[in-house]
Amino acid sequence: MSKWVAVAIMVLLAGGAVAQQQLPAGGKDFKAGLKALEKKDMDASITAFEAALAANPDLFGSHYYLGIAYDSKKNYPKSGENFAKFLERAGDNAEAAEQIAYATRRGGIALARTKNSAKAIPYLEKAAAAKPNDKEVHYYLGMALIRNEQESKAEQHFSKVIQLDPNLPRPYYFVGRVAFNTEDWGEAKRLLSKYLELKPDDNFAADAHFMLGSMAVRQAVGAADAATQNNSAKMHLTKFLELKPNAPQAPEAYYILGSLAAQSEDTATATGHFQKYLKLQPQGAQAEEVKQFLADLSEGEEEGS
């Protein structure tokens with residue numbers, strides 16, 4: 001059976017135009033799957049369409065409906081897999097253009113939410129080209145690109161989302177992170193601050209605070225407003241540690257805070273931060289410097305007693 005005949009059968013079955021005795025192998029299960037979908041019984045529809053495929057792989061329209069059913073159950077690996085199989089068999093058939101467009105978009109979004117997000121990229125690029133103002137497509141395409149180390153391309157799509165909907169917080173975070181990684185400090189500060197303004201309790205808030213804090217320290221060096229920048233660094237890094245005390249960047253945050261406290265001659269605070277640094281990273285890059293500071297401080301206290 002050619003794939004075009006299979007598509008035709010899929011359409012006829014959906015409309016009920018094929019008599020029971022004329023149904024191809026798997027046709028009865030296919031029809032049962034459609035009825036289950038109409039009733040929003042996703043479990044029954046999945047069972048029926050998988051049975052249809054087992055009996056007759058040429059009924060590849062089953063993959064389309066399985067994609068829909070699994071998507072409704074938030075089983076994104078299965079949804080993406082079935083939409084992809086449908087697209088592979090459907091090709092560029094004009095008669096199935098609507099289904100192809102839907103499967104391309106929803107399949108791409110589903111795949112972007114899986115560990116195999118790289119597979120989503122070509123589908124979402126095609127969907128974005130078809131509808132340039134689809135913010136959901138641009139968002140998930142940006143996510144897939146970020147996860148596959150294509151940050152510069154991801155930045156373009158997150159920027160498009162910001163243009164389409166300035167009140168969505170996460171695109172600001174991701175574009176800000178790209179700016180941070182490329183050392184565009186001014187743009188990173190603007191974007192990450194906007195992200196925290198929109199969603200201060202979001203999952204990436206701690207990382208945003210860390211980036212803002214570390215940027216403030218850099219910008220304080222030789223600056224006329226060094227004190228203001230250092231205070232900003234203290235605020236952001238303290239907030240970062242409150243939100244994410246066991247993060248990989250925590251030792252660096254404690255070291256910076258300890259150094260800032262030492263500069264201000266707040267030895268008690270500096271000691272506390274440096275001790276936490278050593279506890280987390282006893283062999284770290286700054287460990288010897290920190291140990292020397294604590295040793296010198298201890299000697300000074302003994303001499304003063």
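Does region 89-109 include one or more residues that are acidic (D, E), farther than 20 Å from L66 by Cβ, surrounded by 15 or more Cβ atoms within 10 Å (Cβ to Cβ) and out of contact with any helix residue (DSSP H, G or I) (no Cβ under 6 Å at 6 or more places or on another chain)?
Scanning region 89-109, I find no residue that is acidic (D, E), farther than 20 Å from L66 by Cβ, surrounded by 15 or more Cβ atoms within 10 Å (Cβ to Cβ) and out of contact with any helix residue (DSSP H, G or I) (no Cβ under 6 Å at 6 or more places or on another chain), so the answer is no.
Between a first residue in region 273-291 that is hydroxyl-bearing (S, T, Y) and a second residue that is in a helix (DSSP H, G or I) and at pLDDT below 90, which pairs have beta carbons less than 7 Å apart while being 6 or more apart in sequence or on different chains?
Close Cβ pairs (under 7 Å, with a partner that is in a helix (DSSP H, G or I) and at pLDDT below 90) amount to Y277/V290.
Could you check P251 against (1) in a loop (DSSP other than H, G, I, E, B); (2) touching a Phe, Trp or Tyr at 6+ places or on another chain (Cβ under 8 Å) and say which number it fails?
The number of the failed condition is (1).
Do you know which residues across region 254-288 are farther than 19 Å from A226 by Cα, not aliphatic (A, V, I, L, M) and not in a helix (DSSP H, G or I)?
Passing the criteria: Q281, P282, Q283, G284, Q286.
When the residues of region 216-271 are filtered to those that are in contact with a His (Cβ under 9 Å, 6 or more places away or on another chain) and hydroxyl-bearing (S, T, Y), which remaining residue is surrounded by the fewest Cβ atoms within 10 Å (Cβ to Cβ)?
Among those residues, the one meeting the criterion is T238.
Would you confirm whether any residue within region 142-165 is surrounded by fewer than 22 Cβ atoms within 10 Å (Cβ to Cβ), small (G, A, S) and modelled with pLDDT of 95 or more?
yes
With the condition being closer than 30 Å to V178 by Cβ, I'd like the helices (runs of 4 or more DSSP H) fully within region 52-150 carrying at least 3 qualifying residues.
On the way: elements: 61-72, 76-90, 97-112, 120-130, 135-147.
So the answer is 76-90, 97-112, 120-130, 135-147.
In region 121-138, what count of residues is obtained for those that are under 17 Å from G80 (Cβ atoms) and either surrounded by fewer than 19 Cβ atoms within 10 Å (Cβ to Cβ) or among the aromatic types (F, W, Y) (or both)?
Number of matching residues: 5.
More than 17 Å from K115 (Cα to Cα) and in contact (Cβ under 8 Å) with a residue 40 or more places away in the chain: is that true of F60 in this structure?
Working: more than 17 Å from K115 (Cα to Cα): yes; in contact (Cβ under 8 Å) with a residue 40 or more places away in the chain: yes.
Yes; evaluated as a whole, the condition is true for this residue.
How many residues does region 190-205 contain that are part of a helix (DSSP H, G or I) and within 13 Å of N167 (Cβ to Cβ)? Please lay out each step first, then the result.
In the first step, residues of region 190-205 are kept if they are part of a helix (DSSP H, G or I); the result is 190-198, 205.
From what's left, within 13 Å of N167 (Cβ to Cβ): 194-195, 197-198.
Qualifying residue count, region 190-205: 4.
The values are calculated or read from the model by the stated rules, or taken from the named source; none is laboratory data. These numbers were taken from a predicted model, which means no experiment stands behind them. FYI the Cβ positions are ideal-geometry reconstructions off the backbone, even for glycines, and counts take in every protein chain you see.
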